[in-house]
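Every number in this text was worked out from the coordinates using simple rules, so none of it is lab data. Fair warning: this is a prediction, and the values are worked out from it, not measured in the lab. Cβ sites come from the backbone with ideal geometry, for glycine too, and all protein chains shown count toward neighbours.
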Amino acid sequence: MNSYEGPGAYVIISKSNGRPIGRHLVEDRSLNPKYILCLPQNAFEESDYTWQIQPGENGSLKMMTRGGTCVVMNGELKATLIPDMAEDFQCEFKPTSDQSGCNIVSAADGLAWTLPDQEGAEPDELVKMVVEPLNGSQNQVFELKRVEG
């Protein structure tokens, strides 16, 4: 299993469908927060959905992608382009009991990154990431792959 190995660049992959998590390349030009999505497989270059993971507050971690800091707004994961627009998603990576991946969990309230159920969705449909209470679902398990360079 690939997992968190310290500060640096990572790719985050959903274990439930094998697709990368990140921001879409085509976004409006406003400074409004941008959605964090489950992206289509093989539609983008790895560098387009790379995350920077850095030390945060009180031993937690801060996550950024393409210049936006990961935050939670109304239960959805977003990336803010303006500092202090919302409280950063300070997180911890918790290995699953079978070591198949990890849960990305808020250090503040224990809510975990979650890929909503996609019943009836097209295979490459963009899906907005949310946070929900940790429940042991495969939809809350992710693989972190360190990116060199």
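Brief remarks follow.
- FRET E, pair Asn58, Leu134, Förster distance 22 Å, beta-carbon r, rounded to 0.05: 0.70
- Förster-model FRET efficiency, 41 Å R0, Gln99 and Ser30, C-beta, rounded to 0.05: 0.50
- Here the label points at Asp84 and Ala107, each 7 Å from Cα along the C-beta direction, are separated by 2.0 nm in the simple model.
- The value obtained for the chain, namely the Cα convex hull volume divided by the number of residues, is 117 Å³ per residue.
- Length-normalised contact order of segment 1-112 in % [C-alpha pairs under 8 Å, at least 6 apart]: 22
- Packing-based ranking, highest mean first, of 60-71, 121-132 given that Cβ atoms within 10 Å are counted: 60-71, 121-132
- Each residue, Glu125 and Glu76, gets one label point 7 Å from its Cα in the Cβ direction; the gap between the two is 1.5 nm.
- Peptide packing: for 108-115, 28-35, the average count of neighbouring Cβ atoms within 10 Å per residue gives the ranking 108-115, 28-35, highest mean first.
- The relative contact order of segment 63-117 comes to 22 percent, based on Cα pairs under 8 Å that sit 6 or more residues apart.
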